[in-house]
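One structure below.
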Amino acid sequence: MALIEIRLRPTGPWRAGQRAGDRERVDGVYHSDALYSAVTHAMSSLGWLEEWLDATALAVDAAPAVRFSSLFPFLGDQRLIPPPRTSWPPSGGKLYLKAAKLVPLEVARKGIANESRWAVDGASECLLPAGMMAPFEVAIHPAAAVDRITGRTEPHRTACLEFAPNAGWWGLIDVGDEVWEARVKSAFRLLADSGFGGERSRGWGRASEPEFSDASGLFRTEGHPGAFWLLSLYSPHEGDGIDWSRGEYSTVTRGGWTDSPAGSVKKKHLRMIGEGSVLMASGSLLRGRAVDVAPEGFAHPAWRSGFAFAVPVPLEVEA
């Protein structure tokens, strides 16, 4: 089993859909369920769709062969990440720290020793070293939909992320064998050329050649017993043994539209546990599940990935 870090360096705007569906708002995280969906479309183009679904969404009696974290921004050497909710904002810390939704990985693991060295960028909600630029800016681009029959136009505006130089997305891939490792890397290379997320027909969501590296030493293996720090969206599996009376977690409701030759229709809404949540469980591993969110009568399942990508809560952080 391999733990791989991926980095994507955008070559233009990206749109990570906002949870309320507002065109003029955009998320600063590319969520794991959207990433799984994008890779699934790539697997279909590459001829591996049935095998991919058997190894992931349909793997009822076993852990999935591949799990993804969400994608988070990076800037230079700074990896940003949602901190464990049990330790953020820090007790006794300055009020402005509460505005930070993404913090450097080292801060998430060890806390802040000198608050004067840090500042929160309001637009990106990132905690950064004082004086450092944000990894991205939110921009609004005008466009117009044209009715092919009547010629009428409907102007609208769409928000996107525009990344700074030497900035982009980073995330983690947990893959079970060399065959799937090679296939997943091929899928990411295809997606870097064709695009992730919304507005791909406008050339958005593209990236230069994906960068892969070993991430086995990025997170420590020891932590608080039974405490899991989520780095993905998560839909609980019945065998995960969560103690919902403990921990610290948030929920998000995910919706969206199908992207299929069978048509574009609204998916069923699904409530999921958000990134940065800390869950207490009796087992040594959180599994999660994939949920079919296709509307009734749709031509095929539409799988939303709720597989858990979780790491131990750092010992430096009080659970």
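The values are calculated or read from the model by the stated rules, or taken from the named source; none is laboratory data. Because the structure is predicted, anything quoted here is derived from the model rather than measured. In case anyone asks, the SASA skips ligands and DNA or RNA and just uses the protein heavy atoms, side chains included. Shrake-Rupley method; radii C 1.70, N 1.55, O 1.52, S 1.80 Å.
Largest first, the residues D240, D121 sort by 1.4 Å accessible area into D121, D240. Over the chain, what lengths in whole Å, largest first, do the semi-axes of the equivalent ellipsoid take, defined as the square roots of 5 times the eigenvalues of the alpha-carbon gyration tensor? One finds semi-axes of 30, 26, 19 Å for the chain. Among the aspartates and glutamates, which have Cα under 20 Å from the Cα of K267 when same-chain residues fewer than 8 positions away are ignored? Result set, ordered by chain and number: D22, D27, D33, E199, D259, D292, E296.
Summary value for the chain: 26 percent relative contact order, contacts being C-alpha pairs under 8 angstrom separated by 6+ residues. Exposure check, 1.4 Å probe, all protein chains in place: D77 carries approximately 140 Å² of accessible surface. From helices alone, the chain scores -4500 deg cm²/dmol at 222 nm; the rule is -39500 (n - 2.57) for each run of n ≥ 4 DSSP H residues, then divide by the residue total.
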